[in-house]
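The block underneath contains the structure these notes are about, expressed in structure tokens.
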Amino acid sequence: MKVAVFGGTGFLGRRIVGRLLDKGFEVLAVSRRARRAAVGSEAKAPDQVKADILDRSSIGPAIAGSNAVVNAVSLYVEHGGLTFERMHVTAAADLASAARQAGVERLVHISGIGADPRSASRYIKARGRGEGAVRNSFPDTIVLRSAVMIGPDDAFLTTLVRLVRLLPVYPLFGQGATRLQPVYVGDVAEAVSRLLADPIHDVSTFEVGGPRILRYRELVREIARTFGVHPILVPMPFAAWSTLALAAEFLPTPPFTRNQIDLMRQDNVTTGGMPGLPELGIEPLDIEQVIPMIEGSGIKTRT
Ligand SMILES: NC(=O)c1ccc[n+]([C@@H]2O[C@H](COP(=O)([O-])OP(=O)(O)OC[C@H]3O[C@@H](n4cnc5c(N)ncnc54)[C@H](OP(=O)(O)O)[C@@H]3O)[C@@H](O)[C@H]2O)c1
């Protein structure tokens, strides 16, 4: 079986590529620039294909001959004419309809927990509308909604670990009461590979989250405890964060973005009403097991 992974060089995509190669799939890592793909599968390298999901004419050739397609392309900051709607709705639907035209059998679309077409947040709304648009073009699409993902090179836990160890006073998002369910990126990649390997599933939406639900401030405290530091946790209003994020988005690599602040305003946990990692036979790693994998943690890896 041949799988084209759009975003196959990204944080999640690299792991998906690695898991698929390990399971014997033929894999194409599709992105605009060729980069290291296939984390966790050092022995093999996937074929790399350059294509831009925003350029409809480049999609067809990239997926020609594939039995399955995965959309793991991201956009976290809108810039110029490139909006969340353009990427997560229009381009996602273009990929889905190209997949249908090319006779692709399976399409896995990566979305996020809380995706909601009625949301006031531009990002969350686009994620919700995107799921519908993709299904219109490719009715059997499997949507996989993920909670915030953690692992080596992530944007979330790595930053949290650095800041908690560095800052004597730690500003929280609001009161730090948002409930989160961080999930190990390797577990999400494993879920995608199982969805592609096992054609029996008749469910079309999966929600994946980690084994524990923590409030943001509990997560910060747990990291502080792990490293033996005692920062003072200070609540900071979301409005102030959004203003800071607006300024931060002018930096080449923003430390945080407005869409992340929007996501932090509401709980980011699985609803419990949809199948997820347990139904796929995956026992997810706890954050305690993931912290040692974070670069610079100085903790001996046990996994
Ligand atoms: N990270 C999380 O915590 C998290 C949580 C929930 C859901 N998700 C979702 O998971 C998916 C993957 O996220 P990620 O964090 O792994 O993203 P990422 O690390 O930013 O990777 C994005 C990938 O997409 C490719 N890409 C970007 N623009 C493209 C374009 N126009 N055409 C073709 N390829 C393009 C990138 O390569 P090039 O730049 O070289 O093209 C890269 O391979 C996204 O849908 C994201 O919203 C992520």
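Each reported figure results from applying straightforward, stated rules to the coordinates on display, with no laboratory input. Just so it is clear, the model here is predicted, and its values are computed rather than measured. All Cβ positions, glycine included, derive from the backbone under ideal geometry; neighbour counts span all protein chains shown.
Summarising the overall dimensions of region 158-293 from its C-alpha atoms, the Rg and Dmax are 17.0, 52 angstrom.
On the basis of the beta-carbon distance and an R0 of 41 Å, Met236 and Glu279 show a calculated FRET efficiency of 0.60.
Rounded to the nearest 5, the antiparallel percentage of DSSP beta bridges internal to the chain is 10%. Taken along the Cα-to-beta-carbon direction at a fixed 7 Å, the label points for Ile213 and Ala34 span 4.6 nm. The dipole here belongs to region 216-273: it is taken about the Cα centre, uses +1 on the Cβ of Lys and Arg and -1 on the Cβ of Asp and Glu, and is about 120 debye. Build a GNM of the chain with springs between Cα atoms under 10 Å apart, and of Ala177, Ala98, Ala248 the one that fluctuates most is Ala248. Exposure proxy for Met87, Met293, Met149: other Cβ atoms within 10 Å of each Cβ, ordered fewest to most, give Met87, Met293, Met149. Result for the chain in a Gaussian network model with C-alpha springs under 10 Å: among Pro117, Pro284, Pro252, the largest mean-square fluctuation is at Pro252.
Placing unit charges on the Cβ atoms only, positive for Lys and Arg and negative for Asp and Glu, gives region 148-210 a dipole magnitude near 440 debye about its Cα centre.
Exposure proxy for Glu131, Glu295: other Cβ atoms within 10 Å of each Cβ, ordered fewest to most, give Glu295, Glu131.
Highest GNM mean-square fluctuation, the chain, Cα pairs closer than 10 Å: which of Asp262, Asp47, Asp202? Ranking Asp262, Asp47, Asp202 by mean-square fluctuation puts Asp202 first. The fraction of all Cα pairs in region 190-240 landing in successive 5 Å bins from 0 to the largest distance is 4, 12, 16, 13, 10, 11, 9, 11, 8, 4, 0, given as whole percents. With the alpha-carbon atoms of the chain aligned to their principal axes, the span from lowest to highest coordinate is 56, 42, 37 Å, starting with the largest. Among 208-215, 59-66, sorting by the average number of other beta carbon atoms lying within 10 angstrom of each residue, highest first, gives 208-215, 59-66.
Annotation: Cα Rg of region 87-240 relative to the compact-globule expectation 2.2 N^0.38 Å equals 1.24.
Expressed as a whole percent, how much of the Cα-Cα distance distribution for region 231-303 exceeds 14 Å?
Working: 1995 of 2628 pairs.
Looking at region 231-303, the distances longer than 14 Å represent 76 percent of pairs.
For Ser204 and Lys50, a Förster radius of 25 Å and the Cβ-Cβ distance give a FRET efficiency of 0.25, rounded to the nearest 0.05.
Treating r as the C-beta distance of His79 and Thr159 and R0 as 25 Å, the FRET efficiency rounds to 0.75. Charge tally for Ala248 (other residues, Cβ to Cβ under 15 Å; Lys, Arg +1; Asp, Glu -1): -2.
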